[in-house]
1. Taking only region 595-629 into account, find how many residues are closer than 19 Å to residue 688 by Cβ, in contact with a helix residue (DSSP H, G or I) (Cβ under 9 Å, 6 or more places away or on another chain) and either surrounded by fewer than 16 Cβ atoms within 10 Å (Cβ to Cβ) or at pLDDT below 85 (or both).
2. Name the one entry in 632, 592 that is in contact with a strand residue (DSSP E or B) (Cβ under 9 Å, 6 or more places away or on another chain) and either surrounded by fewer than 17 Cβ atoms within 10 Å (Cβ to Cβ) or outside the structural domain of residue 516 (by TED's automatic domain parsing) (or both).
3. Against the definition (crowded, with 22+ Cβ neighbours inside 10 Å and at pLDDT 65 or above), how does residue 263 come out, yes or no?
4. Checking the condition surrounded by 16 or more Cβ atoms within 10 Å (Cβ to Cβ), in contact (Cβ under 8 Å) with a residue 40 or more places away in the chain and assigned to a strand (DSSP E or B), which residue from 691, 659 passes?
5. Check off (1) surrounded by 16 or more Cβ atoms within 10 Å (Cβ to Cβ); (2) in a strand (DSSP E or B) for residue 70 and give me the number that stays unchecked.
6. Please find, among 37, 44, the residue that is more than 14 Å from residue 133 (Cα to Cα), out of contact with any helix residue (DSSP H, G or I) (no Cβ under 6 Å at 6 or more places or on another chain) and surrounded by 20 or more Cβ atoms within 10 Å (Cβ to Cβ).
7. With respect to residue 592, is the statement that it is within 21 Å of residue 448 (Cα to Cα), in a loop (DSSP other than H, G, I, E, B) and either touching a residue at least 24 places away in the same chain (Cβ under 8 Å) or touching a helix residue (DSSP H, G or I) at 6+ places or on another chain (Cβ under 9 Å) (or both) true?
8. Just wondering, is there one or more residues in region 567-581 that are exposed (fewer than 15 other Cβ atoms within 10 Å of the Cβ) and without any contact (Cβ under 8 Å) to a residue 12 or more places away in the chain?
């Protein structure tokens, strides 16, 4: 039980982190495609039926000259079994000038069909293999290119050879000669808007997608949110609102049922009803807020302040200041409906449990929903499924094996201890959201030292509570310390000791991304100015001290001019003041050997903050049309850099890195981000590729 106790606490630490999970949108969630083959003897037609969700589109196969977009393509592996006939047949695309990208866009949306004709040459059956590739975009951003492999079975074809008595070959040839092919080909000519199969090599600067092409593979983030949600469900089980209900409810089903099988069946349906209730809640959140709404709000000041207050309320509730209760009328109606018996009655019994236990599960569910919603997509649905599955499992298992209930620990004061510990954790992580808001407005009210001091105080108080020096309103007297409670208290105390050097400038890599960066502190170089590394300022240039004492530009034009002056590549860092993953990259990757030397000595760094609220000079204010008929005024520095990133690189997530060559061109190593380059070896490899590309470009 102590292990479960610790795992549950670890789950809550994870779900309240406010940004541990990367923000991911998957092309296969936006575009559904069905690939089939139409065969008429040796005439083959590969057909791709495409269905795109509202608000998204994919590029056409034939793009306007000079376009930087990635074309949609049907690529078929080369083989002696067939010849290609023409290019790709596509409907007339939508042509539209995009001011953000400063180019003519050509794309398809909604439902349409692509075709590619092939002439088979084989008399034997075989498999035609290929890939359908596309890039998915909406009005403000594009996702990485997606490749969907396919395999289509082709039957052998060709004219049947009449075998005369005087000529009886042992075996028909495997392939047809050219004259046979000419007799098979349909002579009708179809108009196509395509090029030859062997199209020009795609722009090498385009970032290649690392998303798995197997559409059966689950997104990584969904698995992460499921595991965290599942552990959170176990944490909810260990609260005084839920844990005592397990033996009571299971005993009710086993005693009231006419047979053991019926009791197990009723208990299983009870568990399924719990899952259904919470999954419906996740679906409701997804449908109300949409796939991307909370994700877009995650760096907004108002959102962070609201979530800070929400976690503070949850923390006080867990500590015993008050209980969060739903209206009693809801509980009464659910309880009355549960008396009806049968399947409907069991469902309302599950609903009554959800309502009764809300004071304990509500804060966990609320935190989990907001965190999973910031990931986007179906994460709230997946999160609620994982949470409810853990919550429902005991009812089904103990109904099937009632003897196991004898091994359950008795209800008691330890259940309230779980609530209080969760309250301390909620209270600590609440300040991450307050810090985000403070960073965005640059108020310097919650600088690094104060943030760390708050965490030291919270976890020290948690240690004292676990050791029995502090009691909360609903706690029972602590007569002795269990091994689990002692170990947890000791872990909290060790964590406090680990945090202490952070007050004097220690990096605290274990919690990188949570506190404000070292540059946002009372002593950016550490107490006593003991920082090491290159000078934080370049003589005669407008630079500012950055992570690891690196000198950073914040103006793109000035940084590019200086990079050309000193013959070094420009390293663009699209970042955010409230970006957790940006701080993780800076803390855990930038300073590592092999990386810091390149960043310090071989490149010029410009950090462009997309959430900088500083007002632009009036002369730089402009109005842009970011979608047909939708305009936006760019009046702040962050809006300028966000527009620059979205318009040129079709990306709106941070961190995002680009290296610029001697003539202001993007180097061929493409872009880098936290998801695909979040480790030192991968990031160093990307930097090395950029330096090699810069060397080649400079030598021309």
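1. Looking only at that region, the number is 1.
2. Answer to the selection: 632.
3. No.
4. Of the residues listed, the single one that is surrounded by 16 or more Cβ atoms within 10 Å (Cβ to Cβ), in contact (Cβ under 8 Å) with a residue 40 or more places away in the chain and assigned to a strand (DSSP E or B) is 659.
5. The one condition residue 70 does not meet is (2).
6. 44
7. In short, no.
8. Checked against the condition, which is being exposed (fewer than 15 other Cβ atoms within 10 Å of the Cβ) and without any contact (Cβ under 8 Å) to a residue 12 or more places away in the chain, region 567-581 yields no hits at all.
The values are calculated or read from the model by the stated rules, or taken from the named source; none is laboratory data. Computed from a predicted model, the values in this text were never measured in an experiment. A quick note on method: Cβ atoms are made from the backbone with ideal geometry, for glycine too, and the neighbour counts reach across all protein chains shown.
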